[in-house]
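The values are calculated or read from the model by the stated rules, or taken from the named source; none is laboratory data. As the structure is a prediction and not an experimental result, all values here were calculated from the model. Protein only, heavy atoms only, side chains kept; ligands, DNA and RNA dropped before computing areas. Shrake-Rupley method; radii C 1.70, N 1.55, O 1.52, S 1.80 Å.
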Amino acid sequence: MRNLVMALMTLTLLAAAPVQAADSSFAVVTQHGVSNGAEYAMFLPAVWNGRLVVYAHGFIDPAAPIALPDVAPDDVAPWVVQLRETLLSQGYAVAYSSYAQNGWAVQDGAARTHELRDLFSQSFGPPAQVYVMGRSLGALITVDLAENFPNAYQGALSLCGPIGGGRTETDYIGNVRVLFDYYYPGVIPGDVLHVPDMEYSASSPIVKAIVAAILANPQKAVALAAVDQLKVPYTTPSQLLLSIVRAIGYNIRGTNDLLARSGGQSPFGNLGLSYTRLGLSDPFLNAGAGRFAAQAGGITYLNSYYQTRGSLAIPLLTLHTTMDPDVPFFHEAAYAKIVAAARTSKWLAQQSVQRYGHCNVSPAEVALTLSQLVNWAEKGVKPMSGDVTLGLAAALPDSTTSYATTTAASESAFDEAILSAAAGVPLP
């Protein structure tokens, strides 16, 4: 009865007014600090179950200030705060870092996340178990740590990450930009590898120009999305528009950062690539699309930070939305092949949610998925792979319904503005 009362109190607190990033309703001790140029925060619950969850955040605009993931970016920080509070209410300690760098910060992000265990132990004593979890680019960092430091973690949870490898992701983003330039020439200055500094917000001139071009000729956007090498996810005109605009955003905001890290050498190349639809070559597209050569320095850099190897020795559970416009769902199949080739498939379980949006899963759904990972790591009960949409809905009807129906339309002002622009526009 006491446990039931505590659970009801917990649910009541979670349903109350949103928790601010600087506050925690469930942490009896909160510690902030700076290590190796990065901010970090650690939270200890009143009744600690002995487990520590270290969280790795995703890609942040290189031009943005360094900040903890519970503060920025604006569209994801509330999700991080809610996830933190949910985990603390269940007895987990939580720690995360800002990293010392933004952008494609896989190298630094892995180092800064990996040191959280020692920082936590110095302040609170060693945890009994440590689990690493990451979202988006942080999910690639999570797999990096799981593959390279298996003795430091009991298990890993990857949320919507580019786990097929850095080049698989940069090839997707690069090809979206190349094909956009083919179908809508002259709209964006420069090209896929030569990107002048531009603001990329919903009200910026470049985003308005991209949206206007697509709305003026939506049939070209449909043709772009149908290319086999992309398979841009959408079911509505608004989703089609948003998927293209978001992918181009990573090219515009991230290209110069990645080139600076790789010594100016590009990992993206499409020489010799035949663009196809339904397996058939498109001669006009192949003749007219811009062609670019990948360079050794860029390839070497992304192989290091990071090409996944599948060398698993601890449980790794992944969760991914099937219509993810930023990190396509095909990364999951790519990683499954990598793991199979490494003969470590017994350590991998992959779950999917039939939903549009980048990592459009609620903190409650993530916490439930984490509990499956813990059960696997500590009791040997491997969770089922495959579609878990109905299972999550049955286990968390209120959380799943309310979160999933609102996130894709209003997760950020940027997404809301893009979706609104396409309202009422029919597909050709």
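With a ≥ b ≥ c the root eigenvalues of the C-alpha gyration tensor of region 248-319, is it rounded (a/c under 1.5), prolate (a/b larger than b/c) or oblate?
Taking the square roots of the gyration eigenvalues as a ≥ b ≥ c, region 248-319 is oblate.
Using each residue's phi in region 187-203, evaluate 6.51 cos²θ - 1.76 cosθ + 1.60 at θ = phi - 60° and report the 3J(HN,Hα) Karplus result to the nearest Hz, with x for Gly and Pro.
With coefficients 6.51, -1.76 and 1.60, one gets 6, 9, x, x, 8, 4, 9, 10, 10, x, 4, 9, 6, 10, 10, 4, 9 Hz.
What is the percent carbon and sulfur in the accessible area of region 59-193, measuring with a 1.4 Å probe over the protein chains and ignoring ligands?
51
Could you tell me which of rounded, prolate or oblate describes region 306-391, using a ≥ b ≥ c as the square roots of the eigenvalues of the alpha-carbon gyration tensor, with rounded for a/c under 1.5 and, failing that, prolate when a/b is larger than b/c and oblate otherwise?
oblate
Using only Cα atoms, tell me the angle between helix 2-14 and the longest principal axis of the chain; keep it within 0 to 90° and round to the nearest 10.
40
May I ask for the angle, rounded to the nearest 10°, between helix 137-148 and the longest principal axis of the chain, with both axes built from Cα atoms and the value confined to 0 to 90°?
Between the helix axis and the principal axis of the chain, the angle is about 60 degrees.
Quick one: how many Å² of Ser385 are accessible to a 1.4 Å probe, rounded to 10?
Accessible area of Ser385: about 70 Å².
Mind running the shape call on region 277-324? Use the C-alpha gyration tensor, a ≥ b ≥ c as the square roots of the eigenvalues: rounded below 1.5 for a/c, prolate if a/b tops b/c, oblate otherwise.
oblate
Whole-Hz ³J(HN,Hα) for each residue in region 261-268, computed from phi via Karplus 6.51 cos²θ - 1.76 cosθ + 1.60 with θ = phi - 60°, x for glycine and proline: what do you get?
My calculation for region 261-268 gives 6, 9, x, x, 9, 7, x, 8 Hz in order.
Give me the accessible area per residue for region 161-253, probe 1.4 Å, as a whole number in Å².
33
Over region 214-273, with every protein chain in place, what whole percent of the accessible area is carbon and sulfur at 1.4 Å, could you tell me?
The nonpolar share, carbon plus sulfur, comes to 54 percent.
Where the centre of each part is set by its Cα atoms, how far does region 275-303 sit from region 29-102, in angstrom?
38
So for Val28, Val47, what's the accessible-area order with a 1.4 Å probe, most first?
Order by accessible area, largest first: Val47, Val28.
Restricting to Cα atoms and excluding each atom paired with itself, what does the Kirkwood estimate give for region 158-217 in Å?
Across region 158-217, the inverse of the average 1/r is 13.1 Å.
Enter the angle in degrees (range 0 to 90, nearest 10) between the Cα long axis of helix 205-216 and the first principal axis of the Cα atoms of the chain, meaning the one along which they spread out most.
Once rounded, the angle reads 60 degrees.
In whole angstrom, how long is each semi-axis of the equivalent ellipsoid of region 34-103, when you take the square root of 5 times every eigenvalue of its Cα gyration tensor and sort them from largest down?
Values for region 34-103, descending: 23, 13, 8 Å.
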